[in-house]
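> I'd like to ask you about the structure that follows.
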Ligand code: ATP
Ligand code: MG
C-alpha cells in the first residue's frame, strides 16, 4: 500500500512530544521537500520512527532533537539527530546487534532491553532501505534512513 511517510513521521513526533517536554527537550520537525508516496507498511514505519525517537529522548539530557524528511536522487531520507550523550567509536559497530547496550550499568538505569535498534534495522531492511549513524561522544547522534524508490513509484504525485 502506498503511504504518506510525512504523515506517519509527524504522528510519531507528536507522540514523543510529551516525553520530550518532561525532560525539557525541544523536538523540531522539518519537511524539506515534496515527498512521493511510498509502498510500505505504515505500522512498521511508525515502529521505526518511534524507536529512534525514544532513543533520542532517552539518551539526551539537554538540547534538542531534530527530525527532517527530504527527497533527493530517487530516495526518501529521514534523519533524526539529538544533542545527547553520543556513542563511542568502539560501540558503533555493535549498536544494531540484538541486546547490545552501551555501558551496561548506565544503560540499565535508563531502562530498555537493547532490542530496539535490531528491530529498527530489520524493519528498514524489509522495506529495502538502509540505515546508518554518525555520532560523537558527548555531542550527539544522527541516524539516517534512506528508502530508494522504485522507478514506478517515482512518478507518484508528491505530498
Ligand atoms: P530498547 O530500545 O529495547 O528499549 P535500548 O534503547 O537500550 O533498549 P537500542 O534501542 O537497541 O536499545 O539501543 C542500543 C544501545 O545503543 C542503547 O542501550 C544505547 O546505549 C545506545 N543508543 C541508542 N540510541 C542512542 C542515542 N540516540 N544516543 C546515544 N546512545 C544511543
Ligand atoms: Mg531503544
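> Write down the Å³ per residue value for the convex hull defined by the alpha carbon atoms of the chain.
Once divided by residue count, the hull of the chain is 105 Å³.
> May I ask you to sort 68, 141 by Cβ crowding, counting other Cβ atoms within 10 Å and putting the fewest first?
Final ranking by Cβ density, sparse to dense: 68, 141.
> Could you work out the relative contact order of the chain, using alpha carbon pairs under 8 angstrom and six or more residues apart, expressed as a whole percent?
26
> Please give, to one decimal in nm, the separation of the simple spin-label points placed at residue 26 and residue 41, each 7 Å out from Cα toward the Cβ.
With each label point 7 Å from Cα toward Cβ, the separation is 3.7 nm.
> As an exercise, use a Förster radius of 41 Å and the Cβ-Cβ distance of residue 113 and residue 72 to find the FRET efficiency, rounded to the nearest 0.05.
Using R0 = 41 Å, I get an efficiency of 0.70.
> Something else now. How do 76, 3, 48 rank when sorted from fewest to most other Cβ atoms within 10 Å of their own Cβ?
3, 76, 48
> Radius of gyration and Dmax for the stretch 1-69's Cα atoms, expressed in Å?
In Å, with Rg to one decimal and Dmax whole: 12.5, 38.
Each value in this text was obtained by applying a stated rule to the coordinates, not by laboratory testing. Predicted model only: the values in this text are computed from it and were never measured. For neighbour counting, all protein chains shown are included, and Cβ atoms are generated from backbone atoms with ideal geometry for every residue, glycine included.
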